[in-house]
1. Which of the pairs K83/K113; K231/K416; K84/K275 have their Cα atoms more than 27 Å apart in this structure?
2. Considering only the chain, what is the antiparallel percent among its DSSP beta bridges, to the nearest 5?
3. When the chain is treated as a GNM, springs tying every alpha-carbon pair under 10 Å, which of V325, V339, V89 comes out with the largest mean-square fluctuation?
4. Given labels modelled 7 Å from the Cα in the Cβ direction, how far is it in nm from S208 to T172?
5. Please name which of P100, P81, Y167 has its Cα lying farthest along the dipole of region 72-198 towards the positive end, using unit charges on Cβ (Lys, Arg +1; Asp, Glu -1) and the Cα centre as origin.
6. If you take every residue apart from V419 with its C-beta less than 12 Å away from the C-beta of V419, what net charge results, scoring Lys and Arg +1 and Asp and Glu -1?
7. Would you list, by chain and number, the lysines whose Cα falls below 17 Å from the Cα of K402, excluding same-chain residues fewer than 8 positions away?
8. In whole percent, what relative contact order does the chain give with Cα contacts below 8 Å and a gap of six or more residues?
Amino acid sequence: MFITKKALSRRTMLRGIGTAVALPLLDSMIPALSALGKTAGKPAMRFSAMYVPMGMVMENWTPKTTGADFELMPIMQPLTPFKKQLTVVSGLDNAGIGHPGATAAFLTNVRQKNGADIYAGVSMDQLIAQKIGQDTKLPSLELGLESAALVGDCENTNCGYVNTLAYSTPTTPLPVETNPREVFERLFGDAESTTQAARLARISENKSLLDSLTADVADVVRRVGAGDRTKVNEYLDAVREVERRIQKAEAESGDLPPTVEAPMGAPNVYGDHAKLMFDLQLLAYQSDLTRVTTFLMEREFSSRRFPEIGLNEPHHSTTHNPDVVARLENITLINTYQVSLLAYFLEKLANTPDGDGTLLDHTAILYGSGLSDGNIHLPQNLPIVVAGGASMFKTGRHVQYKGVPFANLHMSLMEKYGVQVEKLGNSTGALQELAVV
């Protein structure tokens, strides 16, 4: 890192008409941070939880050996470039049961309540957000890829359990945002520009939120060194590219097939939608607009099809296919496809400088499912991996437990963010192996 003599506030904003764009951490901001008594270049820690439903083919997920010499099994092969940044944790049990409980307990560790009312617990992401998210525009950001509409029986519980991971109180689930346009404008628009009327007018005129930033950009560029100029320009190019992809999806939204549940501004293809939401998370982290995200990549009971990988059977039906060989092969394909999308995000984080490291070094990503076997709804021995977070704990290993509450991993992760609680759901204590930095 090159420390300049020019001090720029970490909260410097580029302001245009209806726009307020925060900048990434620049070298020119380090003296200003030091003047406030903060360690020069010490970046913020981020946390993300990502959920995929209906379990995994565990024999194609779980490494056969523990420690640093573990081998990535077929489902995790897309993560090969990031093996040293992975912590695979096996043998953890979920507190919830069935499809609704798998999601409800994933971050709360509280078994769902039967009946019409929702009751879970404050989710661990929200406890982390209370600690590290109060200085950001958005304390947390809840994202998803499917609408909240669900028709049918939810195993004698409220169907709302499957629609979010985050709970601010035991009875307050936080809704996910599935529309990339609305996420983009929450991040980069001001209050007036993010109204529905303003959004629709901008869509109809194909106008960019960034069009009026020229003067502010020129002013910042004059005040910083050559390296920071490059960072600013590359960052704004990335923001504009994400907005361009949203505009393209909006233009194509009228061509959506009737079986696809995609909101306005979302690409037709599942993987493209996921990548756009990953890129929005990247920009949010890079500009320190939020430090905590949850991402419901697909929900329990999902009838989503994946024609882009040759699978046209709904995901939920696939997990109950009586042809065992076909079931295991097809679920493995889905599992691997979704892991490949995680790998896309990890690559973006790893290629984004942040202080004296990268965003991947300073972000812990909890990825997995609330079930291990979707066919028999098994909540034991969950498929869980923590990616990144090398600045917080030792990575690049497989740790094996048996019958340990998933909540214990949550306790360990929360401690890394300075969150101290005596108990979380059914926890029995933190995992000591993750206490090693």
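1. Listed pairs above 27 Å: K83/K113; K231/K416.
2. 50 percent
3. Judging by the Gaussian network model, the answer is V325.
4. 3.8 nm
5. P81
6. Here the count lands on -1.
7. Result set, ordered by chain and number: K64.
8. 30 percent
The numbers here are math on the coordinates, done by the rules we state, and not lab data. Since we're looking at a predicted model, the values are computed, not measured. Cβ coordinates were reconstructed from backbone atoms using ideal geometry, including for glycine residues, and neighbour counts include every protein chain displayed.
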